[in-house]
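A quick write-up on the structure given underneath.
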4 protein chains.
Amino acid sequence: MNKRLVFFLVFFCSAGMLFSRSGVRTEWSFPDIPGYITLTCDFHSHTVFSDGTIWPTERVEEAWSNGVDALAITDHVEYRPHKQDVIGDLNRSFEIASQSLSNWPILLIKGGEITRELPVGHYNAIFLTDANPLDKQNYMDAIQEAVKQGAFVFWNHPGWTQPGTKAVWYPEQTELFNRGWVKGIEIANDREYYPEAFQWCLDKNITMLGNSDIHGPAIVTPAEHLNMTLVFVTEKSLQGIKDALLAGRTAVFFQDKLMGREQYLKPLFENSVRMGRAQVLVEKKGVWCVEVYNPLLFDIELKASTKSDIQYAEHFVLASQKSVLLRFKVPEKFTDKEIILPFIVQNFLVAPGQGLQVELKIVKE
Amino acid sequence: MNKRLVFFLVFFCSAGMLFSRSGVRTEWSFPDIPGYITLTCDFHSHTVFSDGTIWPTERVEEAWSNGVDALAITDHVEYRPHKQDVIGDLNRSFEIASQSLSNWPILLIKGGEITRELPVGHYNAIFLTDANPLDKQNYMDAIQEAVKQGAFVFWNHPGWTQPGTKAVWYPEQTELFNRGWVKGIEIANDREYYPEAFQWCLDKNITMLGNSDIHGPAIVTPAEHLNMTLVFVTEKSLQGIKDALLAGRTAVFFQDKLMGREQYLKPLFENSVRMGRAQVLVEKKGVWCVEVYNPLLFDIELKASTKSDIQYAEHFVLASQKSVLLRFKVPEKFTDKEIILPFIVQNFLVAPGQGLQVELKIVKE
Amino acid sequence: MNKRLVFFLVFFCSAGMLFSRSGVRTEWSFPDIPGYITLTCDFHSHTVFSDGTIWPTERVEEAWSNGVDALAITDHVEYRPHKQDVIGDLNRSFEIASQSLSNWPILLIKGGEITRELPVGHYNAIFLTDANPLDKQNYMDAIQEAVKQGAFVFWNHPGWTQPGTKAVWYPEQTELFNRGWVKGIEIANDREYYPEAFQWCLDKNITMLGNSDIHGPAIVTPAEHLNMTLVFVTEKSLQGIKDALLAGRTAVFFQDKLMGREQYLKPLFENSVRMGRAQVLVEKKGVWCVEVYNPLLFDIELKASTKSDIQYAEHFVLASQKSVLLRFKVPEKFTDKEIILPFIVQNFLVAPGQGLQVELKIVKE
Amino acid sequence: MNKRLVFFLVFFCSAGMLFSRSGVRTEWSFPDIPGYITLTCDFHSHTVFSDGTIWPTERVEEAWSNGVDALAITDHVEYRPHKQDVIGDLNRSFEIASQSLSNWPILLIKGGEITRELPVGHYNAIFLTDANPLDKQNYMDAIQEAVKQGAFVFWNHPGWTQPGTKAVWYPEQTELFNRGWVKGIEIANDREYYPEAFQWCLDKNITMLGNSDIHGPAIVTPAEHLNMTLVFVTEKSLQGIKDALLAGRTAVFFQDKLMGREQYLKPLFENSVRMGRAQVLVEKKGVWCVEVYNPLLFDIELKASTKSDIQYAEHFVLASQKSVLLRFKVPEKFTDKEIILPFIVQNFLVAPGQGLQVELKIVKE
């Protein structure tokens, strides 16, 4: 047996790596935007140390495989149904997860979920230094402790268990946001989306997040991805992420939709879609075409948005990782070299129910 | 909200079920054979209670989803790398897994893996009543204890860590099999296959098994299934399985191959493949055809086996869950209504490297 | 080279077979129903001899591959845009297609499409003996000629080019149906569905059909199947199909929905779905479960239909070629061995917008 | 109905476009290389005008959909089995195909296949101006006519119908190449690969091609792509392609392998694979890692090629459109910022059986 293989067996296998799925990573292909690097983050996950069903190292490995750049381990502070069997303090799941950093290059964030009945609800504190002191009788004391540690605290799944999963804002939240202790809200969690919360974030200048809240293994199929928070950072580091969260530089990726502020979604769209050069198909009828490539792992749905003297199809779908052909008809005696076609991107939402307005600039070959 | 939905939420969700993948099960479609029900079994699995990375309830849920009829939880008796965090005795993982039986209808078997260095190796004891007494200094004492409890004991992955994964039989195994304490061998484990062990089982009348030895989440794709032991039982029960193991009524399903004794593989093939009626395609040239349907989740590869005055293609593949068309040419003045075409089934192995011989009986419409 | 391979090359390849896709056939797995064999039929297809883009033999091969049992070649009688290049009379495409019967066992039907502007519309005549005499100036003469030949004539795509693809019944149709010349209507064609036409078929006792109207190659993906007419025959033959059409024994398979009369859809459902034995999951809470297998190539969607003292989920989806687990809760002191759960099958339509009512009979193990 | 939709229906549908598959195009993502644009070309295809089974417009549409940049229609000059039904001269299939250029932006090349028994064989002449004069009794006359028209002529499938599909070079080929009339050879055609022909191209400085020779519809699945010739052009035009063919600037894409001269394959590899920055995983053990992304639609297989004091896995597979993690171990006291890891790319062949040598340059973060 040669040296290399022996090393491989001895070194890596001794490190306990499972090669069943190791080493292959889905890339979501979200582009960077001017001034910022785009990171895919999941700020809400559980392990066997609270009510999850997988070991912390497995959580890290599967996050890397699923294309997550930064992961927060946020086991419940108070709800530990496995505690008869799984012991260790509130920092332990993060400690064990950290062992995986010798296998997988991921940004790992220490967190915890402060868990109360409604109307208080659940709050994730991330970038903790010590999760143990968060175990307080009074939730205000717990959140204050997190803030004292410099944590970023956000309100989880504000519509969970509410009728119709409609998010409800109580006086308790007014207090927490007014004090500046809580600075973000999950507008999507697991399979739920809270349009009311999306609007609150826009109106009150709150950071919006979308997280998996994953408890079991993450079964990711082409048809079903994990929620993620896109974070626009100036450097790829824990500090970079924290700064971006404080500055509200996020967007939410939920069920093949992107939700966020126009200032981030617009360059995200523009840097994603790749336009070919326009070509004339039928000279005398003024029919032109252009190939449009969508590198993202989900379809982009476009709808013609305003009147134009250019004629083109009302809807068209930029199929994932494919080119599509957009045909259009210019007026008689059209001589411009450049055309602007206005569209609404129906699954890039800049407010509940409101698609991003974009203009496809098409340049003739 | 109506009564039914409330029940659904309150009753089932309180039971902690994840609906992400719950409730949908892959059916392998192995047919029963004359006199026996065919069960798909995995007799080797781990949880966080030894060196696995998932919680016992998750192991049960995913086994059900992956089409496993009977699952043994076989955490290592001696190797418990998580013991600093995960406490509880050797029966605990089975106890917790048993909670899932209120969600998933599966046959759950209490087991344990007796784990020693080579040349002893690893042994699974299944159908234990109490795993705790297996924790003995001397492996012979441990195995004797398992036998005393009425367990079925088998030798795991006999080629693991051996050069070229070639299985090696040591005097230790001679002793264990001679005493009648160990009655089975894994001829396939995880991604390894041990042809030597397959031959030993045939020569020495040992029960052959193929198991997943799964530690992490089971990622099952169309291209990669878990190993399973097919067990041919007279009743679908724990006792039925144990009786079948003692009688050697098993086959091994490994990487789209079936391995086992001819007496089981032959009826398994015959009850799988469905032949249509033969039709004449070109009367004057004697060209006939027949549609052959393969209901199994993997392709069956056939090779023409002997000379015949019927002419037909040398190889043909029965694509999974498809019909294929077999064309053949009968001699001039052929008047029979029935034709026998002999084949070797290249991925139904009755011995290492030796495919099952079958005859396709074709009846004219 | 051995004799068998030589035969294979010389005989089959000389027959011009393309092995690229040859020989593998999708089976839709529709079951037979009491008294009838279920056939999958496509009664509307085109070739290069009218405005299609593939050669007749290719049309036959792909129909066989796509699981079609009977195919009608129905090139337009009057609309022959390729006629400058493709010559031959109106029977020629059928003649050429018939050459494929020496390769593929399919029932091939001679047809033609009588093509007029609205309000007349298009009519397929199938089971023709000679398509040439259908080329008449007056459409009534053309249809009468078809009838004289013993053809079954049906009205094609009654909503095509109508606003909103809403089918419109004109006096011309009244005349044709009153005379008994036209006996069927396509309620689905290509990607269009005409609920009005479905209702007409129910109200006026007209045979309903759903056909592909395919012009190009049939690209069949898991996500998109060709429309088909299911025909319930007493014998698998051209005559058997014709008799069934005359008797209205059909159903329509369109975009993962079945549409038809209750008398056919009910046994089709009952013979498709396979129920396991019910098992008790939690004795003291009265929780039972049953595994339900769906062998069809599309999901079946069930909705609980009436009040019951058995509690169960309001919706559940029988995933294609999977088992799903149906859990339910029986009342206290329930002692019956057998339970009836009433459901609406939402994608088996017995009238526009109206699902089939079924009762799942569940027997305790 | 609004103006835009009316335009859509009236204009495009009148153009006879099938939207079944129209408008979505697979992008093979082959990168450009220094000095050249990379085009995907298929120089060998048939239609109903010779022995193909699809109409010329369909051939163009499916080529565009399958990611072909340039397509040659090369119906047989002499072999026209459909001629009883399909009339028109030898230019007609190209003329009809050209109608599709008002729908699909593709480079369409007029060609023809000169077809003789062995030892002469088949020759494609592309960039013809008039195919009719190629219909000569003597093949030398036919080829000379093609050359006179400025055509590029290449030898098709040199191993077809030869024993074991082994390519054989006869005196006839010596004559044709010596005269400079024939300048290229298909080293792959349909499902055949001719390693001998690959070597001839290298030894004799002949342009190598790989083409589909497609006759029926192109069924392209993830598991099976059409053969293509990659052509490295200075401008995307017919002239650009011709110049490149004359200069031998090609590579062949066959069954997930690339074959060609090192000078083209090397930059193709280098511009495909995207390396992240190396990160240190375990400081004290010297374990580093780097993420490697493969944008191509097929896996790239790497094998460690030479001894190195850096330890790393012997084989690793760059999964298609995924990142994989390459871990390696640097020696003690290693202080460089940059590492070179030598590999053989096993499915980029620079000669029969000989993989491309590459060096992955890894830069520390």
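Report, by residue number, each residue of segment D:140-156 that is of a type outside the set (Gly, Ala, Ser) and in a loop (DSSP other than H, G, I, E, B).
D:149, D:156
Of everything in segment C:152-167 that's over 29 Å from residue C:241 (Cβ atoms) and within 23 Å of the chain's Cα centre (by Cα), which residue is least open to solvent (accessible area, probe 1.4 Å)?
Ranking the qualifying residues of segment C:152-167, first place goes to C:161.
Tell me the residue from D:266, D:204, D:236 that is of a type outside the set (Gly, Ala, Ser) and over 15 Å from residue D:32 (Cβ atoms), please.
D:204
Got at least one residue in segment A:331-354 being touching a strand residue (DSSP E or B) at 6+ places or on another chain (Cβ under 6 Å), away from chain D (no Cβ under 11 Å), farther than 25 Å from residue A:67 by Cα and assigned to a loop (DSSP other than H, G, I, E, B)?
So far as segment A:331-354 goes, yes, one or more of its residues are touching a strand residue (DSSP E or B) at 6+ places or on another chain (Cβ under 6 Å), away from chain D (no Cβ under 11 Å), farther than 25 Å from residue A:67 by Cα and assigned to a loop (DSSP other than H, G, I, E, B).
Can you run down the residue pairs with Cβ atoms below 7 Å, 6 or more apart or on separate chains, where the first is in segment A:24-35 and among the aromatic types (Phe, Trp, Tyr) and the partner is not in a loop (DSSP other than H, G, I, E, B)?
A:28/A:40; A:30/A:38; A:30/A:40; A:30/A:230; A:30/A:268
Quick check on residue B:119: is it away from chain C (no Cβ under 14 Å), assigned to a helix (DSSP H, G or I) and open to solvent by 10 Å² or more (accessible area, probe 1.4 Å)?
It is false that residue B:119 is away from chain C (no Cβ under 14 Å), assigned to a helix (DSSP H, G or I) and open to solvent by 10 Å² or more (accessible area, probe 1.4 Å).
Among what's in segment B:299-315 and is buried (at least 19 other Cβ atoms within 10 Å of the Cβ), within 29 Å of the chain's Cα centre (by Cα) and not β-branched (Val, Ile, Thr), pick the residue that is nearest to the other protein chains (Cβ to nearest Cβ).
B:304
Looking at residue B:167, is it touching a residue at least 60 places away in the same chain (Cβ under 8 Å), hydrophobic (A, V, I, L, M, F, W, C) and more than 30 Å from residue C:281 (Cα to Cα)?
no
Name the residues in segment A:175-195 that are under 16 Å from residue A:251 (Cα atoms) and in a helix (DSSP H, G or I), would you?
Answer for segment A:175-195, where residues must be under 16 Å from residue A:251 (Cα atoms) and in a helix (DSSP H, G or I): just A:195.
Condition first: farther than 30 Å from residue C:149 by Cα and either touching a strand residue (DSSP E or B) at 6+ places or on another chain (Cβ under 7 Å) or open to solvent by 20 Å² or more (accessible area, probe 1.4 Å) (or both). Can you find one or more residues in segment C:229-252 that meet it?
no
Residue D:104 fails exactly one of the following numbered conditions: (1) assigned to a loop (DSSP other than H, G, I, E, B); (2) more than 10 Å from chain C (Cβ to nearest Cβ); (3) open to solvent by 10 Å² or more (accessible area, probe 1.4 Å). What is the number of that condition?
(3)
Please determine whether any residue of segment C:58-78 is within 12 Å of chain D (Cβ to nearest Cβ), farther than 15 Å from residue D:49 by Cα, of a type in the set (Ser, Thr, Tyr) and part of a loop (DSSP other than H, G, I, E, B).
For segment C:58-78, residues within 12 Å of chain D (Cβ to nearest Cβ), farther than 15 Å from residue D:49 by Cα, of a type in the set (Ser, Thr, Tyr) and part of a loop (DSSP other than H, G, I, E, B): absent.
Give segment D:84-96 a look and list any residue that's modelled with pLDDT of 95 or more, at the interface with another protein chain (Cβ under 10 Å from one of its Cβ atoms) and part of a loop (DSSP other than H, G, I, E, B), or say none.
D:84, D:85, D:87
Go through B:137, B:99 for me and flag whichever is surrounded by fewer than 17 Cβ atoms within 10 Å (Cβ to Cβ) and outside any helix (DSSP H, G or I).
Going through B:137, B:99 in turn, the sole match is B:137.
So in segment A:124-134, with the set limited to residues that are touching a Lys or Arg at 6+ places or on another chain (Cβ under 7 Å) and surrounded by 21 or more Cβ atoms within 10 Å (Cβ to Cβ), which one is farthest from residue A:245 (Cα to Cα)?
A:131
Identify the single condition in (1) modelled with pLDDT of 90 or more; (2) within 14 Å of chain B (Cβ to nearest Cβ); (3) surrounded by 18 or more Cβ atoms within 10 Å (Cβ to Cβ) that residue C:320 does not satisfy, given that it satisfies every other one.
Tallying (1) modelled with pLDDT of 90 or more; (2) within 14 Å of chain B (Cβ to nearest Cβ); (3) surrounded by 18 or more Cβ atoms within 10 Å (Cβ to Cβ), residue C:320 fails exactly one: (3).
Just to be sure I understand, how many residues within segment A:126-145 are closer than 12 Å to residue A:77 by Cα, of a type in the set (A, V, I, L, M, F, W, C) and touching a helix residue (DSSP H, G or I) at 6+ places or on another chain (Cβ under 6 Å)?
2
Is it the case, given these coordinates, that residue B:25 is at pLDDT below 95 and either in contact with a strand residue (DSSP E or B) (Cβ under 9 Å, 6 or more places away or on another chain) or within 12 Å of another protein chain (Cβ to nearest Cβ) (or both)?
yes
For segment D:39-57, how many residues are crowded, with 24+ Cβ neighbours inside 10 Å and more than 7 Å from every other protein chain (Cβ to nearest Cβ)?
Adding up the residues that qualify gives 11.
Restricting attention to segment B:141-151, and to residues there that are among the aliphatic types (A, V, I, L, M) and open to solvent by less than 30 Å² (accessible area, probe 1.4 Å), which single residue is nearest to residue B:172 (Cα to Cα)?
Selected residue: B:143.
Sort out which residues of segment C:317-350 are over 17 Å from residue C:292 (Cα atoms) and charged (D, E, K, R), and write them in order of number.
Those that are over 17 Å from residue C:292 (Cα atoms) and charged (D, E, K, R): C:332, C:333, C:336, C:337.
Consider residue C:358 against the criteria (1) open to solvent by 10 Å² or more (accessible area, probe 1.4 Å); (2) under 19 Å from residue C:259 (Cα atoms): it satisfies all of them except one. Which criterion is unmet?
(1)
Among the residues of segment A:259-294, which ones are more than 17 Å from residue A:338 (Cβ to Cβ), more than 9 Å from every other protein chain (Cβ to nearest Cβ), open to solvent by less than 50 Å² (accessible area, probe 1.4 Å) and of a type outside the set (Phe, Trp, Tyr)?
Result: A:259, A:260, A:261, A:265, A:267, A:268, A:272, A:294.
The values are calculated or read from the model by the stated rules, or taken from the named source; none is laboratory data. Computed from a predicted structure; not experimentally measured. Note that each Cβ is placed from the backbone with ideal geometry, even for glycine, and that neighbours are counted across all protein chains shown. Accessible surface areas use protein heavy atoms only, side chains included; no ligands, DNA or RNA. Shrake-Rupley method; radii C 1.70, N 1.55, O 1.52, S 1.80 Å.
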